[in-house]
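Q: I'd like to ask some things about the structure below.
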Amino acid sequence: MALDEYKRKRDFTTSPEPVGKAPRTSPPRRTPRFFCVQKHLASHLHYDVRLEHNGVLLSWAVPKGPSLDPATKRLAMHVEDHPIEYGEFEGVIPSGYGAGIVMLWDRGTWTPEVDDVDAALKKGDLKFTLDGYKLKGSWVLVRTKGARWSSGGADRSWLLIKHRDDWSGELDITEFAPLSVKTEGDLADILAADNPDVWHSGRPARSGDTGALFERIIAQAVEMRTGRSGSRTKKRR
């Protein structure tokens, strides 16, 4: 089933991620439906682009994040489908698969620019329009390899490309708008909300590989916040 791979990779007794109810029916053809982008600081920072289709969220991990520049082609790795409920998730995954901090970076609706989404996915060429807080206008996901489409995901390589329109440009949207659309906080805020003691102890109450991973994540979250504050100071001068 669509969410089998998602559930297989997670231990829901320790992860706050939603288990996912029975898949719901998504709108057909060129009808708008939900999309989101989650900023995920795990072993490496990346952005998860999720598009609602057939009652689940089709998902691609974009290491460098979306670009508004049509000349920039962003690698997008197709991963397992996620439940619709995941589209509102923001928080800390304490251990296991995807351990790190998840921010709801953008959300809104996406509209296919084709009548048959399944056929476009199988072809490896999905054109669509986004209407989010940060991402808008026409985009395309293009598969770079000849492997067959699988709803379960298999880390297959795609490219995410912005089409030239009124919403395209050279602005780095990930730098310009780095905060959560849900809480307006940054990654450090999300981590502190989940574990306030982390700022007093200097490290999470974990040991071994997990503790070492979270030490790196904490350091990177703080560094990203410091870098953003420094940029604002320079702009005021």
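The values are calculated or read from the model by the stated rules, or taken from the named source; none is laboratory data. Here the structure is a predicted model, which is why all the values come from computation and not from measurement. Note: ideal-geometry Cβ built from the backbone for every residue, glycine included; neighbour counts use all protein chains shown. Heads up: the accessible areas ignore ligands, DNA and RNA and are worked out on the full protein's heavy atoms, side chains in. Shrake-Rupley method; radii C 1.70, N 1.55, O 1.52, S 1.80 Å.
Q: How would segment 51-115 be classified by its alpha-carbon gyration tensor: rounded, prolate or oblate, with rounded meaning a/c under 1.5 and the a/b versus b/c comparison settling the rest?
A: Cα axes put segment 51-115 in the oblate bin.
Q: Kindly provide the chymotrypsin sites (Phe, Trp or Tyr not before Pro) of segment 5-94 that DSSP labels as loop, not H, G, I, E or B, and whose Cβ sees at most 13 other Cβ atoms within 10 Å.
A: When the chymotrypsin sites (Phe, Trp or Tyr not before Pro) of segment 5-94 are filtered for loop state and at most 13 Cβ neighbours within 10 Å, PHE12 remain.
Q: Something else now. Compute the length gained on full extension between SER43 and GLU170: take 0.36 nm times their separation in residues and subtract their Cα-Cα distance, giving the result in nm to one decimal.
A: Between SER43 and GLU170, full extension yields an extra 42.9 nm.
Q: Quick one: ranking THR25, THR226, THR72 by accessible area, 1.4 Å probe, largest first, what do you get?
A: So, going from the largest accessible area down, we get THR25, THR226, THR72.
Q: For segment 85-129, how big is the tail of P(r) above 13 Å, as a whole percent of Cα pairs?
A: Roughly 67 percent, once rounded to a whole number.
Q: If you don't mind, another one. Would you pull out the residues with amide H under 5 Å of HIS163's amide H, same chain only if 5 or more places away, H placed 1.01 Å from N?
A: Under 5 Å from the amide H of HIS163 lie the amide H atoms of SER138, TRP139, VAL140, each far enough along the sequence or on another chain.
Q: If you average the sequence gap of Cα pairs under 8 Å that are 6 or more apart and divide by the length of segment 6-142, what percent do you get for the contact order?
A: It comes to 25 percent, rounded to a whole number.
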